[in-house]
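The values are calculated or read from the model by the stated rules, or taken from the named source; none is laboratory data. Bear in mind the structure is a predicted one, so any value in this text is a computation, not a measurement. Note that each Cβ is placed from the backbone with ideal geometry, even for glycine, and that neighbours are counted across all protein chains shown. The accessibility values were calculated without ligands, DNA or RNA, using every heavy atom of the protein model including side chains. Shrake-Rupley method; radii C 1.70, N 1.55, O 1.52, S 1.80 Å.
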Amino acid sequence: MNPLSILLLGPPHVILSGEPIHLGRRKALGLLAYLATTHTPIQRDSLATLLWPESNRSTARANLCRTLSILTRSLGRDHFEVDHESIRLCADADIYVDLAEFYELVAHGRQGWQGDGRVVEQASRLPQQAAAVELVRGPFLDGFSLSDSVFFDDWQMLQTENVNREVADLLARLTDGYRR
């Protein structure tokens, strides 16, 4: 299986076996980004509504099938777990998602916090926190939007706010840790 990298922290990029992939459709990139942020199967109806909120159910599901076909042709079917009701990225596939690494590094850094909110930073945690900040090349899906999907835009805005909040927290902890 070819390694797949999905970069969402900044302008979105998809890289397959070291080569940039242009998916050709914004909805395909939107679907991939959404799947990359979840770790459970997503119901097809939910995805269809997310990406084509103005379409009726059958049209939205048909659009979803076409978009999924673009993804599987471009990236390989082995990166996806697909059935009649749900879709997800394959848990066993060689897939790197910068957002997942970011949150893993953030969680590791939180282990240095006491319950009262005071930082008990150990020097060994500072490099992981700095690495998390360095992963962020810009806002979540910077420069990307789906103008005809308010639900996707709302989800994207929430993800952006979450990442921004985590970055601000990381920077505060790094500043305090290096100051000490």
Exercise. Name the single residue, out of those in the stretch 113-138 being of a type in the set (D, E, K, R) and at pLDDT below 70, that is most open to solvent (accessible area, probe 1.4 Å).
Key: R118
Quiz item: From the list R77, R110, R88, which one is surrounded by 13 or more Cβ atoms within 10 Å (Cβ to Cβ) and modelled with pLDDT of 95 or more?
Solution: R88
Quiz item: Going by the structure shown, is F152 assigned to a loop (DSSP other than H, G, I, E, B) and either without any contact (Cβ under 8 Å) to a residue 24 or more places away in the chain or among the aromatic types (F, W, Y) (or both)?
Solution: no
Exercise. Mind telling me which of the residues L68, L50 ends up being at pLDDT 95 or above and in contact with a Phe, Trp or Tyr (Cβ under 7 Å, 6 or more places away or on another chain)?
Key: L50
Practice problem: Determine, yes or no, whether L9 is crowded, with 17+ Cβ neighbours inside 10 Å, closer than 22 Å to G138 by Cα and under 13 Å from the mean Cα position of the chain (by Cα). | Solution: yes
Quiz item: How many residues, within the stretch 139-177, are farther than 23 Å from P53 by Cα, loosely packed, with under 12 Cβ neighbours inside 10 Å and not β-branched (V, I, T)?
Solution: 3
